[in-house]
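Asks: Pasting a structure below so you can have a look.
What follows draws every value from the coordinates through simple rules; no lab data is involved. Predicted model only: the values in this text are computed from it and were never measured. Glycine gets a Cβ as well: all are built from the backbone with ideal geometry, and neighbour counts include every protein chain shown.
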Amino acid sequence: MENSSLTNTIIQTINSIFQTLFSSIDNSVYQVLDELTFIHSNILNNSLFEKLFGTNTSNGLLLVANALLFGFSLYYAIRLIYSYYMNLQIERPYQFIFKLLIFGIVMNCSYFLCKQFLELNGFISDAIRSVGFHVLGHEISFSELIRELNSIISIGETDFTIFSFDGLIKSFISIGLFNLIFSYALRFVLIKIFILLTPFAILSLINQSTSWLFKTWFRTILSLLLQQSFIAIILLIIFSFPYQSNNILSKLMYIGGIYALIRANSYMRSLIGGISTDVSNNIQLGSNLLKNS
């Protein structure tokens, strides 16, 4: 009898701990997901970031890029002189000067172009979410997703237990969404890094031997930015399902939707290319590198 009472006390304590943990996370952490995922040009409205990028051609990374622009010109001049002696075919001077002027101007306007591209990308994802709101009557966001989840799996009820089917589903979803926080935070940082690399990516188009850098940069940043529109579509599909608290199939569809959100970056990489933002994969890759070193 004492053993049974002790077991019940332990189970109730564990349930209380997880119930408090899930409630705390739901109310504070997951709202950040919307800010990390659906980004706009306002992420560039930072004086330090703007100074780092370069407010003009004489400071920041733009200064370095313009110095490299001069280096490309010097490199071409040496190649041109060398080609006359060795009778080699290289790019004509007027073609090089034309590219130098065009890409030089675009490079120095790259901060403005990045802001417009971010605004356009944000407009597309917002349009998808707006369609979902008017058609489904739900705000297409992670905060709304958590609210809907808690209406199906009521973690505030006294009969909630972590050892039940609902408890297991809630645990899986909470772990999955918590993983998304790190993944989308990494994506947020990578987007800002690749924006800083924009002048150098544009500069690489001047020379054919370095143009592959632009293609890699463009494919990567495009994949990172379009991911938020793909996430908006996944959320729209999740909200379109008719969920019922007493329907197991509804809860399994919820799990499928969360898994699709976790795999969104992998799907975009398969479609366009780019870089992984899966934190677990990056940790595993880092541990493998340490073992091989």
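Asks: Rounded to the nearest 0.05, what FRET efficiency is calculated for Thr216 and Ile248 with R0 set to 45 Å and r the Cβ-Cβ distance? If you can, show how the numbers build up before the last one.
Replies: Numbers: r = 45 Å, r/R0 = 1.01.
Efficiency at R0 = 45 Å is approximately 0.50.
Asks: Lysines near Lys215 by alpha-carbon distance under 27 Å, same-chain residues fewer than 8 away left out - which ones?
Replies: Lys51, Lys99, Lys115, Lys192
Asks: Explain nothing, just compute: Karplus ³J(HN,Hα) = 6.51 cos²θ - 1.76 cosθ + 1.60, θ = phi - 60°, for every residue of segment 35-44 in order, whole Hz, x for Gly and Pro.
Replies: 5, 6, 8, 9, 8, 9, 5, 5, 5, 8
Asks: What list of ³J(HN,Hα) values in whole Hz, one per residue of segment 124-131 in order, does the Karplus curve 6.51 cos²θ - 1.76 cosθ + 1.60 (θ = phi - 60°) give from phi, with Gly and Pro shown as x?
Replies: Along segment 124-131, the couplings run 5, 5, 5, 5, 5, 5, 5, 4 Hz.
Asks: Could you give P(r) for segment 53-203, binned at 5 Å from zero, as whole percent values over all Cα-Cα pairs?
Replies: Per 5 Å bin, starting at 0, the Cα pair percentages come out as 2, 7, 10, 11, 10, 10, 9, 8, 7, 6, 6, 5, 4, 3, 2, 1, 0, 0.
Asks: Which Cα, out of Ile102, Ala127, Leu113, lies furthest along the positive dipole direction of segment 85-153 (beta carbon charges, K/R +1, D/E -1)?
Replies: Result: Ile102.
Asks: Figure the gain on full extension for Tyr75 and Phe123 (residue separation times 0.36 nm, minus the Cα-Cα span) and round it to one decimal in nm. Numbers along the way, then the final one.
Replies: On the way: separation 48, 0.36 × 48 = 17.28 nm, distance 4.15 nm.
This chain segment gains 13.1 nm when fully extended.
Asks: Just subtract the alpha-carbon distance of Ser209 and Ile237 from 0.36 nm times their residue separation and send over the number in nm, one decimal. Let's see the in-between values first.
Replies: Working: separation 28, 0.36 × 28 = 10.08 nm, distance 4.39 nm.
Computed gain between Ser209 and Ile237 is 5.7 nm.
Asks: Express in nm, to one decimal, how much length is gained between Gln89 and Ala185 on full extension, taking 0.36 nm for each residue of separation and deducting their alpha carbon distance.
Replies: On the way: separation 96, 0.36 × 96 = 34.56 nm, distance 4.82 nm.
Taking Gln89 through Ala185 to full extension adds about 29.7 nm, to one decimal.
Asks: Any idea how far apart Ala67 and Asn150 come out in nm if each label point goes 7 Å out from Cα toward Cβ?
Replies: That separation, rounded to one decimal, is 5.3 nm.
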